[in-house]
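Scroll down for the structure; my scribbles are underneath it.
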Amino acid sequence: MSGRLFSTGTVSVTNGSKIVTLAGATVAEFNMRDGDDLQVLGLGSRIAIAQLLPDTNQFELLHNFDGATGAALAYTIYRNPAGWGSQELLASQVADNVRLLSDGIPIAQDDLDAIAQAREETEDLALQASGSAGTATSQAGIATTKAGEAVTVLDEVETLRDDVAARAALITSTSPGSVVGAATGAEMIAGAINDKVATPVNTKVALEARFGPTGTQIGASEVRYLSGHKVIGGFLDNNGRMPLAITEEGLILGKLGVAIGVANGLSFNRDPVTGLYEISLGTEANMLPVGGNGDTFDTRSPRYFDSKEVLWALEASNGRCPIVVTIDGQVYLAKSNVQANTDAIEAELAVLTERFEAIVPTAEIACYGDSLTAGSYPSRLATVLDRSVYNRGIGGQTAKQIASRQGGWVRLLTVENDEIIEGSNPVTAFEGVAISAGTRSSDPLSTASNNTVYTLRGTLAGVPGVLSRGASGGPPSTVETYVFAPDAGQVLPVRCPPQAAFIVDPEGDDRRVNIFWPGRNDTWADTNIQLSVDWMVSRLATGEKRFVIMSVLNGEYATEDVGGARYNQIIAINTAVQSKYPANYLDIRRYLIDHGLATLGITPTAQDLLDVERDIVPVSLRVDGIHLTGDALQLVAEQLADFIIAKGW
């Protein structure tokens, strides 16, 4: 979870400016640093801090502030390892460390090219991530595409890292079936690791330096065949023959010069299918002499490296192998003077990779809403997608209450005696307004539908704990109470000034896919629904924000059918939300009206046809004026599943 710093002070901001001025607090007081994120409560996007200014009560943002100009505004500072500023630094570090790996170990040119490409794509993603949330509308489509690319780049980095680690190991052949061990530079065959090969030209130079002239190099553009196999590379000798050739099947064919003793024996057996010759050496079948003292490499017993069977290896006099070829065609080289440096880079790369993965949300889902969510669609969605889905619905709540529970709208609490003690601390007001049954339209856990005890984890005045709501009478309840209970082990008492910020603990929801379905219990003439959605989106902590907003339903109530005053307000709210978040908007209202009956195979009744004409959800899909049947909720779950799968989430 992101670290957060809070103050009873305020800030002054100007639309289009990067400069932020603190009042009642200083930068040094809260130990701010480059890469932290600023969120002005209720205004603008969450933006990274670019640098601290010499004047200790000012700092500069990475991008211009996109909210309205204002002074004496409440704010929150987020210490987020995946914040915009730290993401750019992270992408650069990943690229630099991948470059260190490629420079330190001799690997194939194709791998080097792949690393370079991965670096470029990572830097492109960092530039995409560095854009302010204010430009999210125009960049939504690009961000969705880049999310998939981020996963691909990360996979490439992981694959290359594994390949480098494998190349940097050795095998031992002291006994049949033994696992590969690591050799030091002194144990390797002299000069073997120094032939650093990156291109075909360098290959030829290295071979000639070791074994003498190799002749004219053959390119893939020259069509040649050897023993019925097409040759894609190799060399010609002075007689126009090929002493060394590589075929398109990956075979390496070449002449073999052997000096053998009288007692060894020599035989050739030609394979009638491949045309290749099998060579037998020595007086004992399948035993190949490799040293003057008669030491042998037993080809009858399989050897393994990195859990792969070894086809061929070059064995040093100490029984270790600096060069290994495995059954899947991989070639592994021993490392020498880069041993210690590589281990350090590997450890650092593992840490950076873990942080990089935090940019992309998890596959789990959190559903926020009112009674339409508190019903059964989240559990049905979990079954359809076969993944974890969390139901965060409370019946009867407005959009602002839902945003309060999600953490997008930071609430200001006043507790009894302005201090937090052990046990229960009665909350007397929200934003300075005393708690009563009549204020349930804004209090975070209140509802007119029941007297259930609801709880919400969070931090108040720096003290972690649980906020609880209790009610009695009714419903609707006639008495309502809130208390804050600090977690055990806190140093108490702690002063809690009036209207202290209560920061909701998202408990992982800020890194999940979020589904928002607010608005059914609001007064649609105001802008609370749009504002609440904005708050909830800004609360998501990952670089790529994955969320779905569903349209507000109109029901069988006065003036909610087509042309009515409340109908027009609902349509206006839906249009505004869709316009701001077109790539994240699911018009479930339109789907249920136009396709719900046909999808479920229901023959429309006369009332159904009238409802469709009035542009409300047909009565056969409802249990009352607004709430949906189980079959209709199943349709909602299936439409959400299709939307999420299409996004690649």
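The values are calculated or read from the model by the stated rules, or taken from the named source; none is laboratory data. On a predicted model such as this, the values are computed, not experimentally measured, just so you know. Note that each Cβ is placed from the backbone with ideal geometry, even for glycine, and that neighbours are counted across all protein chains shown. These accessible areas exclude ligands, DNA and RNA; they are computed on the full protein's heavy atoms, side chains included. Shrake-Rupley method; radii C 1.70, N 1.55, O 1.52, S 1.80 Å.
Of all residues in the range 4-25, those satisfying the criterion of being assigned to a loop (DSSP other than H, G, I, E, B) and modelled with pLDDT of 65 or more are 9, 14, 15, 16, 17, 18, 24, 25.
For the range 375-416, which residues satisfy the criterion of being of a type outside the set (Lys, Arg), part of a helix (DSSP H, G or I) and closer than 27 Å to residue 464 by Cα? Please lay out each step first, then the result.
Narrowing the range 375-416 to residues of a type outside the set (Lys, Arg): 375-379, 381-386, 388-391, 393-399, 401-404, 406-410, 412-416.
Narrowing further to those that are part of a helix (DSSP H, G or I): 377-379, 381-385, 399, 401-404, 406, 416.
399, 401, 402, 403, 404, 406, 416 - these are the residues of the range 375-416 that are of a type outside the set (Lys, Arg), part of a helix (DSSP H, G or I) and closer than 27 Å to residue 464 by Cα.
Condition test on residue 632, is it within 28 Å of the chain's Cα centre (by Cα), in a helix (DSSP H, G or I) and aliphatic (A, V, I, L, M)? Show your work before the answer.
On the way: within 28 Å of the chain's Cα centre (by Cα): no; in a helix (DSSP H, G or I): yes; aliphatic (A, V, I, L, M): yes.
When the stated conditions are applied, residue 632 does not pass them.
Would a scan of the range 27-42 turn up a residue that is modelled with pLDDT under 85, in contact with a Leu (Cβ under 9 Å, 6 or more places away or on another chain), assigned to a loop (DSSP other than H, G, I, E, B) and within 14 Å of residue 73 (Cα to Cα)? Checking the range 27-42: at least one residue is modelled with pLDDT under 85, in contact with a Leu (Cβ under 9 Å, 6 or more places away or on another chain), assigned to a loop (DSSP other than H, G, I, E, B) and within 14 Å of residue 73 (Cα to Cα). For residue 593, state whether it is touching an Asp or Glu at 6+ places or on another chain (Cβ under 8 Å) and either open to solvent by less than 60 Å² (accessible area, probe 1.4 Å) or part of a loop (DSSP other than H, G, I, E, B) (or both). Considered against the rule, which asks whether it is touching an Asp or Glu at 6+ places or on another chain (Cβ under 8 Å) and either open to solvent by less than 60 Å² (accessible area, probe 1.4 Å) or part of a loop (DSSP other than H, G, I, E, B) (or both), residue 593 comes out as yes. So is residue 354 assigned to a helix (DSSP H, G or I) and either modelled with pLDDT of 75 or more or loosely packed, with under 15 Cβ neighbours inside 10 Å (or both) or not? Against the criterion (assigned to a helix (DSSP H, G or I) and either modelled with pLDDT of 75 or more or loosely packed, with under 15 Cβ neighbours inside 10 Å (or both)), residue 354 qualifies. Inside the range 376-397, residues that are under 20 Å from residue 434 (Cα atoms) and open to solvent by 20 Å² or more (accessible area, probe 1.4 Å) make up a count of 0.
Residue-by-condition table, conditions (1) in a loop (DSSP other than H, G, I, E, B); (2) open to solvent by 20 Å² or more (accessible area, probe 1.4 Å); (3) touching a helix residue (DSSP H, G or I) at 6+ places or on another chain (Cβ under 7 Å):
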| site | (1), (2), (3) |
| --- | --- |
| 502 | no, no, no |
| 510 | no, no, yes |
| 516 | no, no, yes |
| 521 | yes, yes, no |
| 524 | yes, no, yes |
| 532 | no, no, yes |
| 535 | no, yes, yes |
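Within the range 238-279, the set of residues being part of a loop (DSSP other than H, G, I, E, B), touching a strand residue (DSSP E or B) at 6+ places or on another chain (Cβ under 8 Å), at pLDDT 70 or above and surrounded by 10 or more Cβ atoms within 10 Å (Cβ to Cβ) comprises 242, 243, 248, 251. Does residue 338 count as buried (at least 17 other Cβ atoms within 10 Å of the Cβ) and modelled with pLDDT under 75? Answer is yes for this residue.
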